[in-house]
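Peer 1: One structure, as structure tokens, below. Some questions next.
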Amino acid sequence: MQTTIFDKIIAKEIPADIVYEDDKALAFKDISPQAPTHLLIIPKVSIATINDINSDNAELVGHLFVVAAKIAKEAGFADDGYRVVMNCNEDGGQTVYHIHLHLLAGKPLGWPPYQERLK
Ligand code: AMP
């Protein structure tokens, strides 16, 4: 498994603006925010892509969503709404190969993400 920048954040070798941490997951502010609130929620063990999710790590992946909902409620935007996104591989726009939920909130978000006209 390749080391990514997120492993260094988990190990506290590089700084991050951490907003939540437990024994299994970490949430911190995205360095290049795409919404007024843009957090990344990551597992503390590396799973490279969505394609690597299986029955052995499904509970851990589910925990990331539990953390997302907890943060949304505590931060006060759960009722207004928010978006959780996980990109996969090149076409999905993934750049860091350690799965992460993008938690985006703080304004109405555009949809769809694919702008060209679908035939
Ligand atoms: P993705 O493109 O879905 O793989 O998302 C990776 C995200 O990680 C991007 O939104 C980046 O802005 C973010 N990112 C990369 N390096 C850091 C860092 N050191 N601290 C916080 N966010 C980062």
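Peer 1: By counting other Cβ atoms within 10 Å of each Cβ, how are 6, 65 ranked from fewest to most?
Peer 2: By the 10 Å Cβ count, ascending: 65, 6.
Peer 1: Still on this model: Taking the Cα atoms of the chain alone, what are Rg (to one decimal) and Dmax (as a whole number) in Å?
Peer 2: Answer for the chain, Rg first and Dmax second: 14.5, 47 Å.
Peer 1: With charges only on Cβ, +1 for K and R and -1 for D and E, what is the dipole size of the chain about its Cα centre, in debye, rounded to 20?
Peer 2: Dipole magnitude for the chain comes out near 320 debye.
Peer 1: Based on the alpha-carbon set only, what is the convex hull volume of region 24-81 divided per residue, in Å³?
Peer 2: 105 Å³
Peer 1: For region 62-109 and region 1-42, what is the separation of their Cα centres, given in Å?
Peer 2: First find each Cα centre; the distance between them is then 12 Å.
Peer 1: Neighbouring Cβ atoms within 10 Å as the yardstick, rank 30, 56, 23 fewest first.
Peer 2: Final ranking by Cβ density, sparse to dense: 23, 56, 30.
Peer 1: Mean separation of Cα pairs under 8 Å and 6+ residues apart, divided by the residue count of the chain: what relative contact order is that in percent?
Peer 2: Computed value for the chain: 29 percent relative contact order.
Peer 1: Separate question: Do any chymotrypsin sites (Phe, Trp or Tyr not before Pro) in region 78-119 lie in a loop, going by DSSP, with at most 13 other beta-carbon atoms within 10 Å of their beta carbon, and if so which?
Peer 2: Passing sites in region 78-119 are 114.
Just so you know, all these numbers are worked out from the coordinates, no wet-lab data involved. Here the structure is a predicted model, which means the values were calculated and not measured. Glycine also receives a Cβ, built like all others from the backbone with ideal geometry; neighbour counts cover every protein chain displayed.
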